[in-house]
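Just below is one structure, and these are the notes that go with it.
The values are calculated or read from the model by the stated rules, or taken from the named source; none is laboratory data. Bear in mind that the values here come from a model prediction, so they are computed numbers and not experimental data. Note that each Cβ is placed from the backbone with ideal geometry, even for glycine, and that neighbours are counted across all protein chains shown.
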Amino acid sequence: MAEAGFLKTEKEIFTEYMISNGLRKTPERYAVLEEAYQINGHFNVDMLFELIQKRKLRVSRATVYNTIEHLLKCGLITKHQFGETKFIYEKSFAYKQHDHLICGDCEKVFEFCDPRIYQIQSTVEKYLDLKITQHALNFYGKCNKLKQTGSCEYFKVKKQ
């Protein structure tokens, strides 16, 4: 498990969610939370399950799937589907707003943050007299390097 205190706030949020929803507070659910918050970047459920198994934790695949749903509902992770890929997730509590660029060749997801997007959001809020509570901006593109040289460090042959 993570070092003491590492996930205190996330654990508190998850604990409050489980109590308010009449769910049992199990070590397996906390293990899923901790492992998800150890991952830097995006992950899918299979990747998370494999990481938990490598750590010799006794957590079933069903528990991972069910816990992911609870983490979504309490706002600790965010779910994405870029193109035709499986759902991917990322931790969302106390992490800076960012947007995504998805390569149509290799499906690599690049994250970026541009303060001008926040400025646009503020302008829209003032103009329409609304408070924006969330946004998602995804760009899709093709790899110039792959087109020019025939290779890219992220490109793997797609299964047909």
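VAL64 falls short on exactly one of the conditions (1) aliphatic (A, V, I, L, M); (2) under 18 Å from GLU10 (Cβ atoms); (3) touching a residue at least 40 places away in the same chain (Cβ under 8 Å), and that condition is (3). For GLU90, are the conditions met, namely being exposed (fewer than 14 other Cβ atoms within 10 Å of the Cβ), touching a residue at least 40 places away in the same chain (Cβ under 8 Å) and not hydroxyl-bearing (Ser, Thr, Tyr)? The answer is no for GLU90.
Only one of the listed residues (PHE155, PHE139) is outside any helix (DSSP H, G or I), modelled with pLDDT of 85 or more and surrounded by 10 or more Cβ atoms within 10 Å (Cβ to Cβ). That residue is PHE139.
In the condition set (1) in contact (Cβ under 8 Å) with a residue 12 or more places away in the chain; (2) within 19 Å of GLU35 (Cα to Cα), HIS98 is compliant with all but (2).
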